[in-house]
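Please read the structure below before turning to the comments.
Just so you know, all these numbers are worked out from the coordinates, no wet-lab data involved. Everything numeric in this text was worked out from a predicted model, so none of it was measured. All Cβ positions, glycine included, derive from the backbone under ideal geometry; neighbour counts span all protein chains shown.
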Amino acid sequence: MSSSNSNRQLSSGRLWRVIAVILACALVAAACGNDDDSSDGSVPAAPEVGDSSSEPTGDSGGMAEDSSTPAPTAEPEPELSGTIGFIKGPHSAMEVEFNDQIIADFNAQVAPDVEVEFSTYDWPVHVAELTTLFASGSPPDVQYLVDLIYPAFAEQGVLHDMTDLVNDPDWAEERANISPFAWDLAEQQGGTWGVPVLGAVYNIFINETLLEEAGLLDSWDDSYESMLAAAEALTTDEVFGFGARTSAADFAWWDWYPYIHNAGGDVFSDDWTECGLVGQDVVDAMQFLIDIHTAGVTPAIGSVDNQGLFDLFAAGRIAILHHETPNIVALNENPPDFEWTVAAAPPGPQGHTVMGNFGILSIAEASDNKEAAWEFIKHWASAPQVGRFAEQVSLQVVRTDILDDLFADNPAMQKVQSEMVPRVQGLQPSPHIIEALQAAWPVVEDAFRGNRTGEEAIAGMCEAIDGVLAG
Amino acid sequence: MTHIDPGLTGAQMTLSPEEHRRLAKRYRRRTTLTAYAFLGPNLVAFVVFLLIPVVWLLVSTFRTGGVLGPAEFVGLDNWRDTFSDPLARTSIRNTVVYSAMAIPAVFIIAMILALALHAIPRGGAPIRVALYLPTLQPAVVAAFIFTFVLHPDFGVINYAVRWLGGDPINFLGDTTLALPTIAGIEVWRGTGFWTMMFLAGLTALPGELYHAAELDGAGAIRRFIRLTLPLLRPTFYFAVIFATIVNLQLFDSVFALTDGGPVNSTVSVSLYIYRSLFLFGDIGFGATLSFLLVVTVLLLTGLQTYLLRDSK
């Protein structure tokens with residue numbers, strides 16, 4: 001018995017010694033890790049942003065009418081060879097086919113010996129997918145990245161600084177065809193992290209038939225008050241007057257942003273060092289959003305997801321719906337039995353903005369075929385290619401030279417492109433933007449359930465945002 | 001090899017103490033080596049896929065970065081952040097509350113079903129198959145199924161509620177209902193597995209004890225309390241530990257159904273770890289939460305082992 005006990009004590013003693021050794025090793029390894037790893041992934045020295053002489057000069061002509069027309073920069077470069085990977089989130093069920101067209105044109109017009117392997121990531125988990133790909137050390141050479149996430153990747157040194165490439169004098173004319181605001185979104189942290197190509201505008205869909213029947217078609221968007229009044233007037237047992245996304249999983253902040261921007265606020269202050277949700281106008285805008293979500297004119301908060309909201313609109317059961325332009329394709333392909341159109345949120349006290357976010361084509365720092373990757377990006381961003389793709393998926397372009405001929409057969413998209421895109425105020429492309437939005441959004445969800453006033457919600461959001469910035 | 005003369009008597013065949021020790025030692029060595037040979041592959045897998053990652057996890061708790069960018073030693077910062085982070089506390093509370101709801105519920109339902117199935121002398125196979133089917137559904141499929149069950153607008157349950165004159169219930173959009181709803185879905189998925197587990201345990205119980213108890217006049221409830229429950233102790237021991245480990249790692253159904261919402265009411269520890277590591281790139285913080293989860297599971301397993309030990 002005593003022998004058994006002493007053995008147990010001995011085992012226990014050994015166990016503790018082993019644990020102590022493991023802890024000690026862990027601490028030593030952690031302490032040494034700082035030096036060991038300093039060379040394997042350091043952020044590259046950031047070069048200066050391109051000089052002002054290369055700033056865009058505005059409209060320079062119409063979009064190439066024939067999509068088979070070679071891009072202006074599409075000089076055949078037979079010396080390019082090898083394989084490059086290209087990954088992008090889908091904007092259509094036909095995403096692969098549409099990109100195969102672009103790749104076929106690339107091989108026919110620019111680089112016949114470069115094989116482009118196209119793949120897609122899933123939007124709901126795209127950050128995780130891209131993180132894993134970058135961590136693998138062999139990510140696709142070219143990535144389509146949205147402004148919500150690329151700054152964090154740029155900060156961690158996995159994107160190639162394309163400042164020299166986009167300032168190449170041979171590409172100056174093409175660069176000038178891309179709007180300055182789009183370049184502003186791509187140029188952060190002292191570098192240029194991609195070529196802006198597409199944008200998604202977050203518009204409102206309205207059921208014109210219902211609004212006309214109620215005599216509200218011309219007045220519903222005069223002000224926030226008139227929109228709330230219209231939503232109340234249109235709500236019946238079968239119809240919700242208003243709908244907007246409310247959960248972080250559905251990126252609900254896109255529908256919240258214009259009201260905050262119209263009140264002069266933003267997630268971060270101008271220097272991105274603290275919460276930017278300041279001022280009475282911001283509080284009032286938040287209170288309006290709470291009021292419209294607690295007025296009984298929307299589906300129960302959190303009960304319907306992104307697609308469900310759109311399906312309700314398409315079924316004629318939501319009169320005024322915040323959503324996004326790719327659904328214009330769905331409405332055109334399967335026309336509902338009512339008249340519809342697109343609109344922007346009503347004007348606020350400090351502006352009349354529209355929310356949009358934008359995508360850039362980037363090159364991975366780990367790419368071993370950057371030259372071919374750059375040629376492919378130039379090709380993808382060229383007027384014929386990006387114009388055709390934008391029309392196929394109902395997204396906006398950031399080129400100014402193709403607007404006249406774009407969306408000729410799509411009045412809703414013409415309206416979005418001509419009336420809303422110029423009013424777009426995008427997000428602040430900070431490395432912390434997605435974490436700040438994720439951290440603050442539960443406060444908004446809570447407020448939309450009537451549990452907080454506008455003032456309390458803004459205070460709670462700022463507490464969360466400042467917490468993220470404090471690290 | 002010891003040679004034994006067939007002409008020796010029993011007393012003469014007795015081994016000398018020295019020879020006995022030698023043979024015993026050889027036997028022990030051989031059985032030990034055989035045991036290690038069989039354990040070897042598992043030991044390698046244990047070291048490579050568990051021990052080293054856990055040690056590396058512990059290392060990562062004292063650093064930041066290290067996946068996409070360079071690692072940097074930050075001392076105890078991650079630990080301080082973890083214990084002061086309100087969402088970390090919320091995620092721990094949600095996970096514990098969820099486990100406290102789901103584990104007892106699934107055990108009680110599964111035990112009732114197992115007892116019922118055990119009492120069916122013939123033809124139970126189709127019922128067993130039907131009961132086990134939900135366990136085979138991936139979380140995403142289960143989420144899709146429950147969309148049609150729970151949806152406030154067109155869900156079956158709310159259709160019935162409206163038909164009965166009630167207001168629709170916002171199961172996954174209500175902050176007080178979302179976590180119990182997720183627990184209910186997980187109970188639905190897990191019931192088949194645990195029913196089969198308990199049924200297997202019941203089938204293995206010695207029938208003669210029940211016959212004897214019956215002859216002694218013990219009723220069904222008394223037999224269940226005095227015989228079934230104590231005899232199923234090894235099954236319960238495995239079940240409690242396994243269920244605790246699985247449920248503390250709640251992720252897929254939350255990810256598919258609510259993404260932690262509404263208002264963080266369903267954020268689980270695993271979901272927060274995922275967000276920290278893959279969405280925010282906060283490797284040190286995520287590693288610290290992960291290490292805490294590992295330690296918690298180990299401690300709870302140890303506690304359960306102690307409490308459920310076979311007291312002689």
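Taking a point 7 Å out from the Cα of A:Asp368 in the direction of its Cβ, the residues of the range A:105-139 whose backbone N falls within less than 13 Å of it are A:137-139. Among B:Phe38, B:Phe144, B:Phe171, the largest mean-square fluctuation in a Gaussian network model of chain B (Cα springs under 10 Å) belongs to B:Phe38. Counting charges near A:Ile301 (Lys, Arg +1; Asp, Glu -1) among other residues having Cβ under 11 Å from its Cβ returns a value of -1. Taking chain B as a Gaussian network of alpha-carbon nodes connected by springs under 10 Å, the highest mean-square fluctuation of the residues B:Ala220, B:Ala114, B:Ala178 belongs to B:Ala220. Each residue in B:Ser268, B:Ser99, A:Ser303, A:Ser136 was given a count of other beta-carbon atoms within 10 angstrom of its own, and listing them fewest first yields A:Ser136, B:Ser99, A:Ser303, B:Ser268.
Dipole size in debye (nearest 20) for the range A:124-238 around its Cα centre, Lys and Arg Cβ +1, Asp and Glu Cβ -1? Present the calculation step by step, with values, prior to reporting the outcome.
Working: 1 positive and 22 negative charges, 127 e Å.
Magnitude of the dipole: close to 620 debye.
Summary value for chain B: 25 percent relative contact order, contacts being C-alpha pairs under 8 angstrom separated by 6+ residues. Each Lys or Arg adds one and each Asp or Glu takes one away; over the other residues whose Cβ falls under 13 Å from the Cβ of A:Phe98, this sums to -3.
Summarising the label geometry, the points placed 7 Å from Cα in the beta-carbon direction at B:Thr32 and A:Thr273 lie 6.7 nm from one another.
For A:Phe240, the residues whose modelled amide H falls within less than 5 Å of its own, excluding neighbours fewer than 5 places apart on the same chain, are A:Ile318, A:Ala319. Here the 3J(HN,Hα) profile of the range A:284-296, calculated from phi with Karplus coefficients 6.51, -1.76 and 1.60 at θ = phi - 60°, is 5, 4, 5, 5, 4, 4, 5, 4, 6, 7, 10, 8, x Hz, Gly and Pro shown as x.
Each residue of the range A:236-247 was assigned a 3J(HN,Hα) from its phi angle through the Karplus expression (A = 6.51, B = -1.76, C = 1.60, θ = phi - 60°), giving 9, 4, 9, 10, 8, x, 9, x, 8, 5, 10, 10 Hz with x at Gly and Pro.
Taking neighbour Cβ counts within 10 Å as the exposure measure, how do A:Lys415, B:Lys25 sort from fewest upward?
Numbers: A:Lys415 17, B:Lys25 10.
Lowest count first: B:Lys25, A:Lys415.
Picking from B:Thr95, A:Asn369, A:Thr209, whose Cα lies most toward the positive end of the charge dipole for the protein assembly as shown (charges on Cβ: Lys, Arg +1; Asp, Glu -1)? So the residue furthest toward the plus end is B:Thr95. When the Cα convex hull of the protein assembly as shown is projected onto planes of every orientation, the mean area is 48.0 nm². The H on the amide N of A:Gly348, modeled in the peptide plane, is under 5 Å from the matching H of A:Thr353, each at least 5 residues off or on a different chain. The amide H of A:Gln188, built 1.01 Å from its N in the peptide plane, has A:Trp193 as neighbours under 5 Å, considering only residues 5 or more places off or on other chains. Using the Karplus relation 6.51 cos²θ - 1.76 cosθ + 1.60 with θ = phi - 60°, the per-residue 3J(HN,Hα) values for the range B:15-20 come to 6, 5, x, 5, 5, 4 Hz, with x marking Gly and Pro. Here B:Ile225 and B:Phe46 are evaluated by their C-beta separation; at R0 = 35 Å the FRET efficiency comes out at 0.35.
Shielding value for B:64-77 is 6, the average number of Cβ atoms from other chains within 10 Å of each residue's Cβ. The alpha-carbon of B:Lys25 sits under 16 angstrom from the alpha-carbon of none of the aspartates and glutamates, leaving out residues fewer than 8 places away in its chain.
Mean per-residue shielding of peptide B:252-259 is 2, counting Cβ atoms of other chains within 10 Å of each Cβ. What is the distance in Å between the Cα centres of the range B:252-283 and the range B:180-231? The range B:252-283 and the range B:180-231 have Cα centres separated by 36 Å.
When +1 charges are put on Lys and Arg Cβ atoms and -1 charges on Asp and Glu Cβ atoms, the dipole computed for the range B:86-307 relative to its Cα centre reaches about 380 debye.
Report the charge-dipole magnitude of the protein assembly as shown in Debye, nearest 20, computed about the Cα centre from +1 at each Lys and Arg Cβ and -1 at each Asp and Glu Cβ.
Numbers: 37 positive and 93 negative charges, 1634 e Å.
Charge dipole of the protein assembly as shown: 7840 debye, to the nearest 20.
Considering only B:Asn247, B:Thr175, B:Leu150, the residue lying farthest towards the positive end of the dipole of the range B:92-250 is B:Asn247, judged by Cα position with unit charges set on Cβ. By other beta-carbon atoms within 10 Å, ranking A:Met461, A:Met413 with the fewest at the front produces A:Met413, A:Met461. Build a GNM of chain B with springs between Cα atoms under 10 Å apart, and of B:Glu72, B:Glu19, B:Glu214 the one that fluctuates most is B:Glu19. For chain B, adding -39500 (n - 2.57) for each run of n ≥ 4 DSSP H residues and dividing by the number of residues yields -21500 deg cm²/dmol at 222 nm. Straightening the chain between A:Asp291 and A:Asp311 buys 4.8 nm, computed as 0.36 nm per residue apart minus the Cα-Cα spacing. With a Förster radius of 51 Å applied to the C-beta separation of B:Tyr306 and A:Ala104, the computed FRET efficiency comes to 0.15.
Per residue of B:274-283, what is the mean number of Cβ atoms on other protein chains within 10 angstrom of that residue's Cβ?
Details: counts 2, 5, 1, 2, 8, 9, 11, 9, 2, 1.
For peptide B:274-283, the averaged partner shielding equals 5.
Peptides A:365-374, A:318-327, ordered by how many other C-beta atoms sit within 10 Å of their residues on average, highest first, read A:318-327, A:365-374.
Based on the Cβ-Cβ distance from B:Arg89 to A:Glu333, what FRET efficiency comes out when R0 is 60 Å, to the nearest 0.05?
Numbers: r = 48 Å, r/R0 = 0.80.
Calculated transfer efficiency: 0.80.
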